[in-house]
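Presented below is the structure to which this report refers.
The values are calculated or read from the model by the stated rules, or taken from the named source; none is laboratory data. This structure is a prediction, so every number in the text was calculated from the model and none was measured. Cβ placement follows ideal geometry from the backbone for every residue including glycine, while neighbour counts extend to all protein chains displayed. To get the accessible areas, we keep the full protein, side chains included, count just its heavy atoms, and leave off ligands, DNA and RNA. Shrake-Rupley method; radii C 1.70, N 1.55, O 1.52, S 1.80 Å.
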Amino acid sequence: MESDKVLHVANFSTLFVCMVLKFPQIFVLINAKSTTGISLNSLLLELTGFIVFVTYQMYYDYPPPTYLEYPILIAQDVILMLLILHYNGSLKQSLIYAVVFVGGWQLLTVQKWIIDLAMSLCTFISAGSKFAQLQCLWQSKDSGQVSALSWGMATYTCFARIYTTSVTTGDMQVLVRFIVMALLNSWVLATVMYYRKRAGEVQKKQD
């Protein structure tokens, strides 16, 4: 009974956090009208991983509470992508991305082996998105408009999903993905905080 309560708390807290997870990043981007420190490639890879993951969960009829946040995250990522393209002056490319993502999503469920293969690659795709963001931070040496709050919330949801997956489906592919994502999200968060602290120290010296 106690474990059921913990499971419900983990599921619903994850859903609640994910409902607003990208909002801090979206608001920072709108206010700054600049994409400094934000990697478009990272976002595109993340979106791909989200689409593969939620399609896999639905294909195998997994309990909706274990993946309900992903359609919400996909919608937020699409908004974020449009904003980045807008501020980069390349909004017209959004049509190309829409065709590719919709077409790819339809292809995933054509054959069972396709969705299984895509899911086996999903961890690498999602990990690639984090490394793309890290590379962007390392190159610019500036956390710029990257929201530490959004990355902090993403880290929490991954740790929560490690628990919910282990006590519900026990799917090892899904579990490994969440463990890897939790570690990489923590790394990105630490990097953002490091460059933010360093920028603050430089500002103090200048003052």
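For I114, indicate whether it is touching a residue at least 12 places away in the same chain (Cβ under 8 Å), in contact with a helix residue (DSSP H, G or I) (Cβ under 8 Å, 6 or more places away or on another chain) and in a helix (DSSP H, G or I). Taking the combined requirement at face value, the residue does not satisfy it. Flag: K33 does not match the condition of being free of Cβ contacts under 8 Å to residues at least 40 places away in the same chain and more than 16 Å from the chain's Cα centre (by Cα). For segment 1-25, give me each residue that is part of a loop (DSSP other than H, G, I, E, B) and either free of Cβ contacts under 8 Å to residues at least 60 places away in the same chain or more than 22 Å from the chain's Cα centre (by Cα) (or both). Across segment 1-25, the qualifying residue is only M1. Within segment 24-59, the set of residues being surrounded by 18 or more Cβ atoms within 10 Å (Cβ to Cβ) and of a type in the set (D, E, K, R) comprises E46 only.
Annotation: K204 fulfils all but one of (1) closer than 24 Å to M19 by Cα; (2) surrounded by fewer than 13 Cβ atoms within 10 Å (Cβ to Cβ); the unmet one is (1).
For T123, indicate whether it is free of Cβ contacts under 8 Å to residues at least 40 places away in the same chain, out of contact with any Phe, Trp or Tyr (no Cβ under 8 Å at 6 or more places or on another chain), crowded, with 18+ Cβ neighbours inside 10 Å and assigned to a helix (DSSP H, G or I).
Working: free of Cβ contacts under 8 Å to residues at least 40 places away in the same chain: no; out of contact with any Phe, Trp or Tyr (no Cβ under 8 Å at 6 or more places or on another chain): yes; crowded, with 18+ Cβ neighbours inside 10 Å: yes; assigned to a helix (DSSP H, G or I): yes.
No.
Considering the conditions (1) within 25 Å of V174 (Cβ to Cβ); (2) over 16 Å from the mean Cα position of the chain (by Cα); (3) part of a helix (DSSP H, G or I); (4) not basic (K, R), D77 is excluded by exactly one of them, (2). As a summary of the residue check, C18 satisfies the conditions (1) among the hydrophobic types (A, V, I, L, M, F, W, C); (2) surrounded by fewer than 19 Cβ atoms within 10 Å (Cβ to Cβ); (3) under 22 Å from V176 (Cα atoms) except for the one numbered (2).
Candidates are the residues of segment 150-169 that are under 18 Å from M193 (Cβ atoms) and without any contact (Cβ under 8 Å) to a residue 60 or more places away in the chain; the one that is most open to solvent (accessible area, probe 1.4 Å) is F159. The residues in segment 109-131 that are closer than 27 Å to I38 by Cβ and either modelled with pLDDT of 90 or more or not hydrophobic (A, V, I, L, M, F, W, C) (or both) can be counted, and the count is 11. Within segment 60-96, being surrounded by fewer than 16 Cβ atoms within 10 Å (Cβ to Cβ) and among the aromatic types (F, W, Y) holds for one residue alone: Y60.
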